[in-house]
Amino acid sequence: MSTPPQTVPVESRVSLRTLNTFGLPAVAAHLVRVRGDADVRRIVDHPKWGRANKFVLGGGSNIVFTHDVDDLVVKVEVPGLRLVRETADAWIVEAGSGEVWHDLVAWTLDQGYPGLENLALIPGSVGAAPVQNIGAYGVELQDRFDSLDVVDLVTGRTVTLDAVACNFGYRDSVFKRHLLGKSVIVRVRLRLPKPWQPVVGYLDLERRMAETGNHAPDARTVFDWVCAIRRAKLPDWRQIGNAGSFFKNPVVTPEQCRDIIGRDPEVVHYPLPDGSIKLAAGWLIDACGWKGKSIGDAGVYERQALVLVNRGNATGGEVVTLARAIQESVYGRFGIRLEPEPVVV
Ligand code: EPU
């Protein structure tokens, strides 16, 4: 006797405008919300939806929709925040991938588990954090990573991945490559090392220390500083739609850097431990005169040229047109190809 197929609560023709931080218009032909492993398995086992192409959507903070989505949108809403264990040298915390990233940061501090404060106010969900290997003010997700659980979209099995399997890079991971669309991240575990030590080597934080005279800030103070710095130069997507930095900071060889310094001696650059040099893409875009400019309703943010914004009714097409125009002018002036950070759909 065969068991009847489980029902999967699929919604039809769902607007994605409020489900992406850029606020771009797009419609999902079908969308299903998942709150745990069993929900994902029900989709995989379903005779119709199991075979459908899937598009996994987290907090929608790193995506540019240029058209409607025909695939089944799997909206990740897995809840939960807990301490898994405390050892002599770390707290291991676990969060459901549908939790808001900043809420996790605030919760860990409230519980007395410091270590994520430099990553305060980064938009998006917990599940999106490893996809992007989010980073800010001297800390990247991979520096605090323990492991994560995914449900495979073909077998329906839950698998645990460690940092090696995630293959983290600068704003990059296996989830942007081999595992793109193949699995759903359901839980992320972070390792917050003891004893806690502040990470305050980033220029903006050094400036705060000098201004306040506080050279030994506690985690709450670093959190407050990071929130203030971000609020001053990055727009709140609830007020002005955006996807954070639109381009990655390009990494070049010392020879390429010398060539660029020849074109403009002021170029902002940072030597990396491996001898290569990171250039500030925001500076390159700013130097090409893009700050505050727009194409249609897609614009370059006035206070940080690396951030593209939605001035009201931008379409994904306008964002992509603006991004291409910026890429061309930076290439023309500096010979550098800027690579977008968000996924363009
Ligand atoms: N700059 C300009 N003009 C601009 C923007 C920047 O001259 O319009 C100069 C700044 O003065 C500074 C340098 O460029 O000297 C770097 O700017 P900033 O310190 O603001 O950092 P960023 O390189 O623009 C990166 C990350 C951010 C992260 C901050 C802080 C990338 C692509 N971006 O920005 O991450 O919050 O550092 O660590 O790596 C994100 O990825 O979405 C993101 C916001």
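Principal-axis analysis of the Cα atoms of the chain puts helix 219-233 at an angle of about 80° to the longest axis.
Ranked highest first by average number of other Cβ atoms within 10 Å, how do 262-270, 96-104, 127-135 line up? Write out the running numbers ahead of the final one.
Numbers: 262-270: 11.8, 96-104: 20.8, 127-135: 24.2.
Most protected by this proxy first, the peptides run 127-135, 96-104, 262-270.
Seen from VAL186, the other residues with C-beta closer than 10 Å to its C-beta sum to a net charge of -1, counting Lys and Arg as +1 and Asp and Glu as -1.
With K and R counted +1 and D and E -1, the other residues having a Cβ less than 14 Å from that of ARG263 yield a net charge of -2. The H on the amide N of LYS293, modeled in the peptide plane, is under 5 Å from the matching H of VAL300, each at least 5 residues off or on a different chain. Assuming charge only on the beta carbon of Lys and Arg (+1) and of Asp and Glu (-1), the dipole of region 185-269 about its Cα centre is about 620 debye to the nearest 20.
Taking K and R as +1 and D and E as -1, what net charge do the other residues with C-beta under 15 Å from the C-beta of VAL32 add up to?
Values: positive: ARG13, ARG33, ARG35, ARG41, ARG42, LYS48, ARG51, LYS54, LYS75; negative: GLU11, ASP37, ASP39, ASP45, ASP70, ASP71, GLU77.
Result for the local shell: +2.
Counting only DSSP H runs of at least 4 residues, each contributing -39500 (n - 2.57), and dividing by the residue count of the chain, the helix-based mean residue ellipticity at 222 nm comes to -7500 deg cm²/dmol.
Quick one: what do you get for the chain if you divide its Cα Rg by 2.2 N^0.38 Å? The partial results should precede the final answer.
On the way: Rg = 21.1 Å, N = 345, 2.2 N^0.38 = 20.3 Å.
Rounded to two decimals, the normalised Rg is 1.04.
GNM on the chain, alpha-carbon springs under 10 angstrom: the most fluctuating residue among ALA228, ALA136, ALA305 is ALA228. Think of region 165-287 as a dipole: +1 on every Lys or Arg Cβ, -1 on every Asp or Glu Cβ, centred on the Cα centre; then among VAL267, VAL200, PHE223, PHE223 lies furthest on the positive end.
Can you give the angle from 0 to 90° between the axis of helix 203-212 and the longest principal axis of the chain, with both taken from C-alpha atoms, to the nearest 10? Computed tilt is about 70 degrees.
Identify the trypsin sites (Lys or Arg not before Pro) of region 170-207 meeting these criteria: DSSP loop state and at most 15 other C-beta atoms within 10 Å of the C-beta.
Details: sites: ARG171, LYS176, ARG177, LYS182, ARG187, ARG189, ARG191, ARG207; in loops: ARG171, ARG177, LYS182.
Qualifying residues, ordered by number: ARG177, LYS182.
From most to least packed by mean Cβ count within 10 Å, the peptides 49-56, 210-217 give 49-56, 210-217.
Compute the helix-to-body angle for 254-263: its Cα long axis versus the longest principal axis of the chain, expressed 0 to 90° and rounded to tens. Result, in degrees: 60. At full extension, ASP162 and LYS233 could sit 22.2 nm farther apart than now, given 0.36 nm per residue minus the alpha carbon distance.
Every number in this text was worked out from the coordinates using simple rules, so none of it is lab data. Worth saying up front: this structure is predicted, and the values here are computed from it rather than measured. Cβ atoms come from the backbone with ideal geometry, glycine included; neighbour counts cover every protein chain shown.
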